[in-house]
1. With the requirement that a residue be touching a residue at least 40 places away in the same chain (Cβ under 8 Å), open to solvent by 50 Å² or more (accessible area, probe 1.4 Å), over 19 Å from Leu85 (Cα atoms) and in a loop (DSSP other than H, G, I, E, B), what does the stretch 12-29 give you?
2. Could you count how many residues in the stretch 62-101 are within 14 Å of Val33 (Cα to Cα), among the small types (Gly, Ala, Ser) and at pLDDT 95 or above?
3. Going through Thr99, Thr68, Thr77 one at a time, which residue ends up being under 16 Å from Gly8 (Cβ atoms), surrounded by fewer than 21 Cβ atoms within 10 Å (Cβ to Cβ) and either touching a residue at least 24 places away in the same chain (Cβ under 8 Å) or in contact with a Gly (Cβ under 6 Å, 6 or more places away or on another chain) (or both)?
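The values are calculated or read from the model by the stated rules, or taken from the named source; none is laboratory data. Model, not experiment: these values are computed from the prediction. All Cβ positions, glycine included, derive from the backbone under ideal geometry; neighbour counts span all protein chains shown. Protein only, heavy atoms only, side chains kept; ligands, DNA and RNA dropped before computing areas. Shrake-Rupley method; radii C 1.70, N 1.55, O 1.52, S 1.80 Å.
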Amino acid sequence: QVQLVESGGGLVQAGGSLRLSCAASGSNFGVNVMGWYRQAPGKQRELVATITSGGSPSYVGSMKGRFTISRVNAKNTSYLQMNNLLPEDTAVYYCYLNTGGRIYWGQGTQVTVSS
């Protein structure tokens with residue numbers, strides 16, 4: 001059974017930093033994509049960043065330049081380093097894994113940025 005476990009969320013002041021982690025377990029994932037989505041209250045879930053098993057990152061919108069996604073394949077773990085956080089970055093952040101077209105989600109971790 002595939003499991004994704006996130007950690008690293010919390011409360012931070014605007015301008016601060018957080019690093020989220022997502023550890024995947026339960027299978028040999030082969031070629032895959034790991035990534036992060038977020039969902040703010042009253043809004044749709046939106047893509048933040050992805051990274052392939054080959055290490056190619058991709059970012060969306062205003063997160064580009066402030067967020068960095070990385071991974072350690074030997075640990076099946078991805079990371080999201082978030083710098084210069086803004087109040088509008090407040091959301092629940094979800095890790096996901098796409099392997100062979102099957103998509104798995106973490107339980108989500110809350111990030112709150114105070115002004």
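1. Ser27
2. Looking only at that region, the number is 2.
3. Working: Thr99 fails: under 16 Å from Gly8 (Cβ atoms); Thr68 fails: either touching a residue at least 24 places away in the same chain (Cβ under 8 Å) or in contact with a Gly (Cβ under 6 Å, 6 or more places away or on another chain) (or both).
That would be Thr77, the only listed residue that is under 16 Å from Gly8 (Cβ atoms), surrounded by fewer than 21 Cβ atoms within 10 Å (Cβ to Cβ) and either touching a residue at least 24 places away in the same chain (Cβ under 8 Å) or in contact with a Gly (Cβ under 6 Å, 6 or more places away or on another chain) (or both).
Every residue, every condition in (1) within 19 Å of Gly100 (Cβ to Cβ); (2) among the hydroxyl-bearing types (Ser, Thr, Tyr); (3) at pLDDT 95 or above, yes or no:
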{"residue": "Ser25", "(1), (2), (3)": "yes, yes, no"}
{"residue": "Asn32", "(1), (2), (3)": "yes, no, no"}
{"residue": "Gln44", "(1), (2), (3)": "no, no, yes"}
{"residue": "Gly54", "(1), (2), (3)": "yes, no, no"}
